[in-house]
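Worksheet for the structure shown next.
The values are calculated or read from the model by the stated rules, or taken from the named source; none is laboratory data. Model, not experiment: these values are computed from the prediction. Counting neighbours? That spans all protein chains shown, and the Cβs are built from the backbone with ideal geometry, glycine included. For the accessible areas, the whole protein counts, side chains as well, though only heavy atoms, and no ligand, DNA or RNA atoms are used. Shrake-Rupley method; radii C 1.70, N 1.55, O 1.52, S 1.80 Å.
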There are 2 protein chains.
Amino acid sequence: MKTMHKEHTLTKNQQIIFDLIDKSPEPMKAYSILFNVQKKGIKAPLQVYRALDKLVEIGKIHKIESRNAFIACHNSSCRVAKATAFSICEICEKVTEISSAGLSKYLANFKDKDGMKYIKYNLEFFGLCKKCKVK
Amino acid sequence: MKTMHKEHTLTKNQQIIFDLIDKSPEPMKAYSILFNVQKKGIKAPLQVYRALDKLVEIGKIHKIESRNAFIACHNSSCRVAKATAFSICEICEKVTEISSAGLSKYLANFKDKDGMKYIKYNLEFFGLCKKCKVK
DNA sequence: ATTTAAATTGTTATAATATAACACTATGTA
DNA sequence: TACATAGTGTTATATTATAACAATTTAAAT
């Protein structure tokens, strides 16, 4: 019998919602997701939020807290949503997941004055993306 | 005539709401603020949200995005809410503003691959505070 | 002092985001 | 099989936030 870590098998609702978010070029909001999956039989907000909660928990998607929106994880090393960093353009709202070894190392090792050690963080950078900067 | 930067004079509503948040030992949510200031004549959500927006804009308070809650700024160098970092206990929900010169320097200088330079960031660390860790 | 622009206020209504509660079903494992 | 755990479907409701508009206050500039 194998002792490998089991890859998380998504349930039907989770898969439908993950696929939608994963295909989206921008973060999606819960009720926009709901609207888009109603034809597939997902009719109620709770069905969406439950799937989102699980997908966040297992690290397949991340929540952009300042925007109440969800984005698929494109950081392959990111098994659990414990260390996330994003850049957000304040004009076009483009959101990109940052994967910088230096940054994650720095933050993972950061200790505050009380010596409190953190198990998780979320960082959101705001600025102007290249396109919006030149306009 | 003086050329000093003008201290932002708060309006009545802004002052009432700032005082409340400033006295609170924990972050306050908008509708809890509303409930607490109704006896002072602030009756509607919009009055609260408008004051909150302004207070955030001028850096007197910060929004804890993951909690939809507001906390007074205790970082005296923080004139504008452009660079914020918090620690959040996942059990007792205690929130503390982190003021670490090293951290803010590191983040202020962080550039991503595209060379995008950020004008603002918000960082939320999650973990267990001292009290909750020993329980 | 008077005018003007900008910011703030008060108000009603409504939009957008998220969870409670409960009965039922599927799945994995002992 | 039986038991526990996780997921589903559903209705109702709670929580967070903004739209729109008229009135008022404030700051500053004539």
Worksheet item: What is the average number of partner chain Cβ atoms found within 10 Å of a Cβ in B:84-95?
Response: 2
Discussion item. Can you return the lysines within cross-link range of residue A:113? Criterion is Cα-Cα under 18 Å, with same-chain partners fewer than 8 residues away left out.
Written reply: B:94, B:105, B:130, B:131, B:133
Item to complete: Give the ranking of A:129, B:92 by solvent-accessible surface, highest area first, calculated with a 1.4 Å probe.
Response: B:92, A:129
Worksheet item: lysines within cross-link reach of residue B:39: Cα-Cα under 18 Å, excluding same-chain residues under 8 positions apart?
Response: B:12, B:23, B:29
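Give me the 1.4 Å probe accessible area per residue for the range A:22-135, excluding ligands and nucleic acids, in Å². Show your work: numbers first, answer last.
Working: 6490 Å² over 114 residues.
That works out to 57 Å² for each residue.
Could you work out the mean count of beta carbons from other protein chains within 10 Å of each residue's beta carbon in A:37-49?
Partner-chain Cβ atoms within 10 Å, mean over residues of A:37-49: 0.
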Item to complete: Run through the other copies and list how far each one's label point is from that of residue B:109, in nm with one decimal, shortest first; the point sits 7 Å from Cα along Cα-Cβ.
Response: 1.5
Fill in: Qualifying aspartates and glutamates (Cα of each under 12 Å from Cα of residue B:54; at least 8 residues distant if same chain)
none
Practice prompt. Per residue of the range B:65-70, in order, report the coupling 6.51 cos²θ - 1.76 cosθ + 1.60 (Karplus, θ = phi - 60°) as ³J(HN,Hα) in whole Hz, putting x for Gly and Pro.
Written response: 4, 6, 10, 6, 9, 10
Worksheet, complete the sentence: Taking Lys and Arg as +1 and Asp and Glu as -1, residues besides residue A:52 with C-beta under 12 Å from its C-beta add up to +3
Item to complete: State, to one decimal in nm and shortest first, how far the label point of residue A:9 sits from each corresponding label point in the other identical copies (label point: 7 angstrom along Cα-to-Cβ).
Response: 6.9
Worksheet item: Can you give the charge dipole size of the range A:12-134 about its Cα centre, rounded to the nearest 20 debye, using +1 on the beta carbon of Lys and Arg and -1 on the beta carbon of Asp and Glu?
Response: 260
Worksheet item: In the full protein assembly as shown, how much of residue A:67 is accessible to a 1.4 Å probe, in Å² to the nearest 10?
Response: 60
Fill in: Interface residues, the range B:121-135 - accessible area loss of 20 Å² or more versus chain alone, probe 1.4 Å
B:121, B:122, B:123, B:124, B:125, B:126, B:127, B:128, B:130, B:133
Discussion item. With the crude spin-label approximation of a point 7 Å out along Cα→Cβ, what separation in nm comes out for residue B:38 versus residue B:97?
Written reply: 3.0
